[in-house]
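In what follows, a single structure is set out as structure tokens and then discussed.
What follows is calculated from the coordinates using simple rules that are stated; it is not laboratory data. All of these numbers come straight from a predicted model, not from anything done at the bench. Cβ sites come from the backbone with ideal geometry, for glycine too, and all protein chains shown count toward neighbours.
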Amino acid sequence: MKEVFERIRQMLADILDVEGDEILPETYIVRELGAESIDLLELAVSLNSGFNVEINDGDIFLSRLRDYVTEAKGKKDDVVLYLLERLPFLKKDRIEEMMPDLEDGPTLKVKDLVSYVEWRQENG
Amino acid sequence: MSRRVAITAVGVCSSLGCSGEQIINSLRKGRTSFARPSFDDQVVSSPIPDFNIKAFTGPFKDRRYLSRGGQFCVASAVEAIRDSGIKKDLLSEAGLFMGTGPNLDIGGEFPEILDGKMDRKDLMALWMLRFLPNTAASAIAMYSGIHGENLTINTACAASLMAIGEAFRKIRDGYLDLAFAGGGDSRLSRGGILAYKKANAIYTGTGEPDTASRPFDSRRKGFVPGEGGAVFLLEEMTHAERRGTTIYAEICGFACSIDGYSMTAPEPTATWAEKAVRGAMDEAGINPSDIDIVSSHGTGTPLNDRAEAYLLHRVLGDNGPLVIALKSWIGHGAAACGALELAIALSCMHNNYWPEIRNLDDPCHINLNFVREKQDYFARTVLLENFGFGGQNAALVVRNTMHRRT
């Protein structure tokens, strides 16, 4: 966790032109660091070349999160289980934590990027 | 009564300094930055050492998309906005006219290119922005909140003078009350040097770097590439007077033309360049005898200086106004040269100080009044000329709004 986080912190600091100490695992990437879509595009390039893992932009940045929630509700499925299946790099407690947070804007945090990279490293 | 146009703010990044005061001090003390680049011991360039755009912008993530020339555009614009003191409401009405050059730093951007395969893992998603001409304007607008009429001009070495001229006309003709105008460029990279070396346009030789740039001297051997940027706030005169702001100078006339003669060389008789020069004087409503100083294009290439000297003699006659050549001090700023030379000329105007043409030992034309030694001189009217690859010609007339010192 620590090594992956430190490297992601450096990438975010470079791309967003912010100080590294403003970036913690719990920091919101859009809400707090002000990342825009082109920044996420550049971040995907950096993560891909820095960690040598395939990055699926839609997954890692949770871009379809709200669609998945709507789908799950439409099918009357359990939302948390539905999301766990589609975003397997996230832990159950993290998904539960996100649910009430969705109304306040993009919920993506630095620790989600760490989870994605670690999950990719383990699962190829 | 037609509308008049004032210059009310200046931002500049040059090898002589990044303020009017630094520039005049460098001119007085003879401080230049000519040196050989690390990668080529045959050529000379005039870099701005230790330039860091962040010192101008503070944190600004979009700087990653700026070529070095684009960085000079943005840094100069930020300085001009700061100097103007104008706030968001006026900025949103302002226009933006930028002269920019191509990013020739191909080797720096693609260090491992082989067999034409450009892609690599760490290539930025939006790498193309460093090659698009209007990226600097886009970044300036994002940074500052400028939203008015705008234009990015890529007419080679006439680009930034044309940007200033077009902005002048937009204000004079009532489309805008305020416009930021100027440009920035840098072609000191390996790719830039390679381009002009192969074109046989730049100085090559083993002499002292300080003596390489020698406009109008019979031993001139080509231009010396420089870099930098300058941006001005142009403002409708009564608007500026109502704001009670400093008026640095008035822009009185502009014109441009195109040779239609050669892809690179100037038309040898300078017929069409003369059309631009006379056009700018007509627009300003002045005669050649009204001009006190000519800031020549003076690149130091054999062809340019010969054509320009003929032109100046035809227009100005024997013993005409003083002729300066600022490329002997800063090298050739490419697309930025017009804006850089205007910024330096304004400093000279305000200090009644005109620098000698460096290295002019044996003038190529005997009937022109080249400034051979520094002069303390009050100049009321200055003519600026820039000519570029592709036969681009531009001229601007600027008038001193400061009163003569007694």
Sites B:Thr238 and A:Asp77 - FRET efficiency at Förster radius 60 Å, r taken between beta-carbons, to 0.05:
0.30
DSSP beta bridges in chain B: the antiparallel percent, rounded to 5, is 65 percent
Considering the options B:Ser2, B:Ala159, B:Leu126, tell which one lies farthest towards the positive end of the dipole of the protein assembly as shown, charges being +1 on Lys and Arg and -1 on Asp and Glu at the Cβ, about the Cα centre.
B:Ser2
How would region B:14-86 be classified by its alpha-carbon gyration tensor: rounded, prolate or oblate, with rounded meaning a/c under 1.5 and the a/b versus b/c comparison settling the rest?
oblate
How far is the Cα center of region B:4-65 from the Cα center of region B:76-112, in Å?
14 Å
Apply the Karplus parameterisation 6.51 cos²θ - 1.76 cosθ + 1.60, with θ equal to phi minus 60°, to every residue of region B:243-260 and state each ³J(HN,Hα) to the nearest whole Hz, in sequence, with x for glycine and proline.
6, x, 8, 5, 10, 6, 5, 10, 8, 10, x, 8, 7, 9, 7, 9, 5, x
Considering just Cα atoms, how many Å³ per residue does the convex hull of the protein assembly as shown enclose?
181 Å³
Arrange the following residues from fewest to most other Cβ atoms within 10 Å of their Cβ: B:Ile81, B:Ile164.
B:Ile81, B:Ile164
Roughly speaking, what is the centre-to-centre gap between region B:152-216 and region A:91-121 when only Cα atoms are used, to the nearest Å?
50 Å
Would you kindly state how much longer the chain becomes between A:Glu103 and A:Leu24 on full extension, computed as 0.36 nm times their sequence separation minus their alpha carbon distance, in nm to one decimal?
26.2 nm
Which whole-number percentage describes the relative contact order of chain B, with Cα contacts under 8 Å and a sequence gap of 6 or more?
24 percent
Out of A:Gly20, A:Phe5, A:Val53 - ranked by how far each Cα lies towards the positive end of the dipole of region A:1-78, with unit charges on the beta-carbon of charged residues - the top one is A:Val53
For q = 0.15, 0.22 Å⁻¹, what log10 I(q)/I(0) does region A:2-123 give under the Debye formula with an equal point scatterer on each alpha carbon and no solvent?
-0.66, -1.37
Sort A:2-8, B:127-133 for me by packing, meaning the mean count of neighbouring Cβ atoms within 10 Å per residue, highest on top.
B:127-133, A:2-8
Once phi is turned into θ = phi - 60°, what whole-Hz ³J(HN,Hα) does the Karplus curve with 6.51, -1.76 and 1.60 give for every residue of region A:50-67, x standing for Gly and Pro?
x, 10, 6, 10, 5, 10, 9, 3, x, 6, 4, 8, 6, 5, 9, 3, 5, 4
Zone residues, region B:147-163, relative to B:His365, backbone N less than 20 Å from point 7 Å out along Cα-to-Cβ:
B:157-158
May I ask which residue of A:Gly74, B:Thr204, B:Gly58 lies farthest towards the positive end of the charge dipole of the protein assembly as shown, with charges of +1 (Lys, Arg) and -1 (Asp, Glu) on Cβ and the Cα centre as origin?
B:Thr204
Rounded to the nearest 500 deg cm²/dmol, what is the calculated helix-only ellipticity per residue at 222 nm for chain B, with -39500 (n - 2.57) per DSSP H run of length n ≥ 4?
-9000 deg cm²/dmol
Over the protein assembly as shown, what is the percentage of antiparallel beta bridges among all DSSP beta bridges, to the nearest 5?
70 percent
Rounded to the nearest 20 Debye, what is the dipole magnitude of the protein assembly as shown about its Cα centre when Lys and Arg each give +1 and Asp and Glu each give -1 at the C-beta?
1320 debye
Mind putting a number on the dipole of region A:2-123 about its Cα centre? Charges go on the C-beta only, +1 for Lys and Arg and -1 for Asp and Glu, and I need it in Debye to the nearest 20.
520 debye
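With an 8 Å Cα cut-off and a minimum separation of 6 or more residues, compute the relative contact order for region B:136-244 in percent. All intermediate terms of the calculation are to be shown ahead of the outcome.
Numbers: 106 pairs, mean separation 30.6, N = 109.
Taking the mean separation of contacting Cα pairs over the length of region B:136-244, I get 28 percent.
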Can you classify region B:5-243 as rounded, prolate or oblate using the Cα gyration tensor, where a ≥ b ≥ c are the square roots of its eigenvalues, rounded means a/c under 1.5, and otherwise it's prolate if a/b beats b/c and oblate if not?
oblate
Test of the criteria: in region B:160-206, which chymotrypsin sites (Phe, Trp or Tyr not before Pro) are in a DSSP loop and have at most 14 other Cβ atoms within 10 angstrom of their Cβ?
B:Tyr175
Considering only Cα-Cα distances, which of the following residue pairs are longer than 28 Å: A:Lys2/B:Lys117; B:Lys87/B:Lys170; B:Lys117/B:Lys197; A:Lys2/A:Lys73; A:Lys109/B:Lys61; A:Lys111/B:Lys88?
A:Lys2/B:Lys117; A:Lys2/A:Lys73; A:Lys111/B:Lys88
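Beyond 28 Å, what share of the Cα-Cα pairs of chain B is found? Please give it as a whole percent.
When every Cα pair of chain B is considered, 42 percent fall beyond 28 Å.
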Go through region B:300-380 and name the chymotrypsin sites (Phe, Trp or Tyr not before Pro) that are in a DSSP coil and have 16 or fewer other Cβ atoms within 10 Å of their Cβ.
B:Tyr377, B:Phe378
Note the per residue figure in Å³ for the convex hull of the C-alpha positions in region B:85-166.
125 Å³
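Over the residues of region B:253-400, compute the C-alpha Rg and express it relative to 2.2 N^0.38 Å.
With N residues counted in region B:253-400, Rg over 2.2 N^0.38 Å equals 0.94.
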Measuring from centroid to centroid over Cα atoms, what is the spacing of region A:30-76 and region B:322-345 in Å?
49 Å
